[in-house]
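The values are calculated or read from the model by the stated rules, or taken from the named source; none is laboratory data. What you are looking at is a predicted structure, and each value in this text was computed from that prediction instead of being measured. Every residue, glycine as well, gets a Cβ built from its backbone with ideal geometry; the counts of neighbours run over all protein chains shown. For the accessible areas, the whole protein counts, side chains as well, though only heavy atoms, and no ligand, DNA or RNA atoms are used. Shrake-Rupley method; radii C 1.70, N 1.55, O 1.52, S 1.80 Å.
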Amino acid sequence: MPKMKGGALIAEFLVKEKMPYVFGICGHGNVGLLDELYNVADKVKYVSPRHEQVAGHMADGYFRVSHRPVATLTSTGPGSANLIMALAVAQTDSSALLAITANVPTSQFNRAPFQELNRHNQADYPNVVRPVVKRSFQPTRVEMLPLALRQAATTMTSGRPGPVNLDVPFNLFQEEAEVALETPWRGMNVRRSGASPEDVARALDMLLAAKRPALFIGHGVTLSEASAELTALARRLGIPVISSPNGMGCIDMDDPLSLGFIGRNGAYPANQAGRHADLVLAIGARFDDRSSSSWIPGYSWNFPHTKLIHVDVDHAEIGRNYPPDLGILADAKAFLEQLLGTLDARGLAGGPRLAEWQAEIASWKKDWDAYVRPNFEIHASPMRPERVVADCRAVLPDDAIISLDSGVHHNWYMQFWNARRPQTMLNTWGYSGMGFGPSAILGAKLAAPDRPCVAVCGDGGFTMVPHVLCTAVEYNIPAVWVVWNNFSWAAIRDIQYGLFGGREIGTGFYEGPEGKPYNPDFAAWARAAGVEGITVTRSEDFRGALEHAVKLGKPCLIDAHVDQNIRPPSTGTWQLPPTPYPQPAFGKPFTVTER
């Protein structure tokens, strides 16, 4: 074998694993790898945003759209520390990326050189990053790189996907050894785990015996690319589908069987179905507090009185919050294929089923529509939130991708967005990190250059990462940002109003002693960066502005002024103990003793 520099080996690995992008920022610690990336620039494009957090979110967004991991590159110390929040978002939402971080030279370990963490262990970034990655590898010789790279690749996309860290001391980029890469992995959705035939048969028996069954799907169905199988099962057995935000679009949400999201800001029919179901088949879903009304019985679910089949590729999620009557460790697509195959083997072709259950669901949908529909038609200045959601749905084609940040705007989209296809609604769900939405849309657009990509982000979240505008201009990424401008940290202000007597501190954006609402002129800010900027204060103007932005073919920002005093109607609840939990604004909790 010829001698190779460690940096050249890593660059060759990126090529062989078909990672088309590295999102990163230069530093003295990683210049040895940057020099090798220059040699493969025709196969691996290096994109340098203005902050490492953005690089991580870009890689996350790229994976969620393409299901192909890419890499990030950061330098020793602060550069890699800036990546932590993005890795936490990717970890909690099961998004794969390879975070290559540089560290101090091995000959300087534990001598406290520039930017070394060494209080408890030399070159100790792996202990910093460990909680937010599936695994951190720190090879200390070039000969260790081939194994570390192969294991990093397999760990990222085996089972439940997630980010992996490769922490590389500076000297390894430059030093040489007689080494060669191992066989490329490229294993996302290639190797799947199935359920035992006995568990599949038992699950089907339980579904067929249920009078009020419901499906609850999460990101596991999206990641497994099991949309067709899910839709086929739901239609053959007439079972309604409740979705977590990261599962939205796996069944066309215009389908009569789609009930939308569940929980505090879920849709009323979804919460009603969850409360009244006698059996829930959960596939690739976590039952987190927001999708379970903080696990309070009767508000979203009624376990253990409702029977539960819980299917997940991660054994740690099965039974984490609700002990299942039947727990199945399996990939979502493999399990659904097995279930459909068992239906075929039994000669069960499908047909009209569950007439009473379907009638109940139809009545809940009718009641919910009558309650919310009038607000979608109102024109106002500032705009009603419903109007913004509705006009986005009217303008954007079914294959458009939206990325959403953390904030009150996300509550509105969870409740009212109709995703038509999988992998088109990107959410910062588990960790809910601000800055994800405006940043991830850049990675999404690189993954899907021919599709409209729109970030809807709060004014607070956007001001955390406004430099995304620079990256869009530098690399000609024609993303669109809709800044939900309500002059406040509105989601937290609403908690103050609802649970702390209406006293507000630190949640509104004000200028001067008179308390005038303040925000920068976002449209002017965009124009200063070379991005087209549009300010919209009237709902009559929003649809046309969005149509223009999508057709423009260049980066564009819409500063959309939205009424801060209109709140999503809660249909479940959410508790922050020990504060009391609020009652639903529409509908009411249901206990099994009432049936």
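Structure data summary
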item	result
Residue that is within 18 Å of Val133 (Cβ to Cβ) and surrounded by fewer than 24 Cβ atoms within 10 Å (Cβ to Cβ), where the choices are Gly32, Gly27, Gly79	Gly79
Count of residues meeting criterion [surrounded by 19 or more Cβ atoms within 10 Å (Cβ to Cβ) and assigned to a loop (DSSP other than H, G, I, E, B)] in region 520-546	1
In region 347-385, residue most open to solvent (accessible area, probe 1.4 Å) [restricted to those that are of a type in the set (Asp, Glu) and closer than 21 Å to Asn411 by Cα]	Glu377
Single residue of region 450-471 satisfying the filter (more than 22 Å from Tyr413 (Cβ to Cβ) and touching a Lys or Arg at 6+ places or on another chain (Cβ under 9 Å)) that is surrounded by the most Cβ atoms within 10 Å (Cβ to Cβ)	Thr471
Residue identified as more than 27 Å from Glu229 (Cβ to Cβ), in contact with a His (Cβ under 9 Å, 6 or more places away or on another chain), open to solvent by less than 30 Å² (accessible area, probe 1.4 Å) and touching a residue at least 40 places away in the same chain (Cβ under 8 Å) among Val388, Val408	Val388
Looking only at region 102-144, and only at residues there that are assigned to a loop (DSSP other than H, G, I, E, B) and among the small types (Gly, Ala, Ser), the one that is surrounded by the most Cβ atoms within 10 Å (Cβ to Cβ)	Ala123
Where Ala99 falls short, out of the listed (1) open to solvent by less than 20 Å² (accessible area, probe 1.4 Å); (2) over 28 Å from Val65 (Cα atoms)	(2)
Hey, Ser432 closer than 14 Å to Gly458 by Cα, open to solvent by 20 Å² or more (accessible area, probe 1.4 Å) and of a type in the set (Ser, Thr, Tyr) or not	yes
Residue within region 27-40 that is assigned to a loop (DSSP other than H, G, I, E, B), acidic (Asp, Glu) and at negative phi present	no
Count of residues meeting criterion [open to solvent by 10 Å² or more (accessible area, probe 1.4 Å) and assigned to a helix (DSSP H, G or I)] in region 158-186	3
Region 302-317: number of residues that are part of a loop (DSSP other than H, G, I, E, B) and under 23 Å from the mean Cα position of the chain (by Cα)	5
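Matching residues to (1) open to solvent by 60 Å² or more (accessible area, probe 1.4 Å); (2) in a strand (DSSP E or B):
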| site | (1), (2) |
| --- | --- |
| Ser193 | no, no |
| Arg202 | yes, no |
| Leu207 | no, no |
| Lys211 | yes, no |
| Phe216 | no, yes |
| Ala232 | no, no |
